[in-house]
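Here is the structure we will look at, set down as structure tokens.
The values are calculated or read from the model by the stated rules, or taken from the named source; none is laboratory data. As the structure is a computational prediction, the values presented were derived from the model and not from experiment. A quick note on method: Cβ atoms are made from the backbone with ideal geometry, for glycine too, and the neighbour counts reach across all protein chains shown. Each accessible area value is taken on the protein alone, full model and side chains, heavy atoms only, with ligands, DNA and RNA left out. Shrake-Rupley method; radii C 1.70, N 1.55, O 1.52, S 1.80 Å.
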Amino acid sequence: MSVSIDARGPRWSAAITAVVLATALVTSNLWVIAFQAVVFAIGAIRGPQFTPYALIFKKLIKPRLKSEPILEDVRPPQFSQAVGLVFALVAVIASITGAGGVFTIAVGFALAAAFLNAAFNFCLGCQMYLLILRVRTAK
Amino acid sequence: MPDVHYAHIDAESHLELVRKLDIRSTPTTLFLNSAGVEVGRAMGTPKRAQVQAAIAAIH
């Protein structure tokens with residue numbers, strides 16, 4: 001049995017992630033995307049329930065929510081944090097090397113995924129997770 | 001509902017079954033009748049009404 005987390009947490013985190021990524025996209029600021037890359041790294045390595053956004057959710061948002069917590073497996077959202085990290089790292093490298101087009105595309109993809117998750121509770125990375133496992137082991 | 005049984009299966013440790021049943025994401029809930037035949041499925045966490053409708057359809 002793997003770890004389960006409150007499914008409302010990642011959606012909240014995705015909302016902040018979308019705001020941070022939109023800020024990065026508009027300002028083209030290296031430090032904003034670098035900060036988000038660190039957040040993704042924490043989410044990918046330690047788990048999405050340990051990011052600063054998740055801590056805000058736990059301390060401030062969760063006690064105020066009236067809906068019943070829905071538990072979900074931590075592995076799909078953790079995988080999507082890793083996908084986010086890849087895009088953020090590409091954007092960081094693009095920012096340092098002055099590849100503006102690559103920066104815009106990488107941040108844009110990550111922003112689109114975060115927005116889908118926040119607005120429609122549709123986690124793109126989570127959907128990819130089991131499909132990738134299926135393909136990878138189908139030999 | 002004492003005649004309803006619930007079983008939790010970890011998808012990742014049963015990938016063969018995942019492919020066979022064409023499970024695309026977790027969680028997926030399969031509704032089986034007493035003969036073990038799938039009569040419906042819910043992708044994502046099923047809503048209460050969804051579960052009630054599925055169980056009512058089996059009865």
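Looking at segment B:1-27 only, could you name the residues that are surrounded by 10 or more Cβ atoms within 10 Å (Cβ to Cβ) and closer than 19 Å to B:Arg48 by Cβ?
Across segment B:1-27, the qualifying residues are B:Val4, B:Pro27.
Against the definition (open to solvent by 40 Å² or more (accessible area, probe 1.4 Å), in contact with a helix residue (DSSP H, G or I) (Cβ under 8 Å, 6 or more places away or on another chain), assigned to a helix (DSSP H, G or I) and free of Cβ contacts under 8 Å to residues at least 40 places away in the same chain), how does A:Val32 come out, yes or no?
Answer is no for this residue.
In segment B:16-57, which residues are within 14 Å of chain A (Cβ to nearest Cβ) and of a type in the set (A, V, I, L, M)?
Those that are within 14 Å of chain A (Cβ to nearest Cβ) and of a type in the set (A, V, I, L, M): B:Leu17, B:Val18, B:Leu21, B:Ile23, B:Ala42, B:Met43, B:Val51.
Restricting attention to segment A:125-139, and to residues there that are of a type in the set (Lys, Arg) and assigned to a helix (DSSP H, G or I), which single residue is farthest from the other protein chains (Cβ to nearest Cβ)?
A:Arg136
Please give the number of the condition A:Ala41 fails out of (1) free of Cβ contacts under 8 Å to residues at least 40 places away in the same chain; (2) within 28 Å of B:Ser25 (Cα to Cα).
(1)
State all residues of segment A:1-11 that are in contact (Cβ under 8 Å) with a residue 60 or more places away in the chain and under 13 Å from the mean Cα position of the chain (by Cα); if no residue qualifies, say none.
Result: A:Pro10, A:Arg11.
Of a type in the set (D, E, K, R) and either at pLDDT 90 or above or within 23 Å of A:Val3 (Cα to Cα) (or both): which single residue out of B:Asp22, B:Asp3 fits that description?
B:Asp22
Condition first: in a loop (DSSP other than H, G, I, E, B), surrounded by fewer than 20 Cβ atoms within 10 Å (Cβ to Cβ) and modelled with pLDDT of 95 or more. Now tell me which residues in segment A:36-73 satisfy that.
Within segment A:36-73, A:Arg46, A:Gly47 qualify.
Looking at segment A:91-124, which of the residues that are among the polar types (S, T, N, Q) and farther than 18 Å from A:Ile16 by Cβ is nearest to the other protein chains (Cβ to nearest Cβ)? Reasoning before the result, please.
Going residue by residue through segment A:91-124, those that are among the polar types (S, T, N, Q) are A:95, A:97, A:104, A:117, A:121.
Still in the running and farther than 18 Å from A:Ile16 by Cβ: A:95, A:97, A:104.
Values: A:Ser95: 33, A:Thr97: 36, A:Thr104: 29 Å.
My answer is A:Thr104.
A:Phe103: aromatic (Phe, Trp, Tyr) and at pLDDT below 95, yes or no?
Taking the combined requirement at face value, the residue does not satisfy it.
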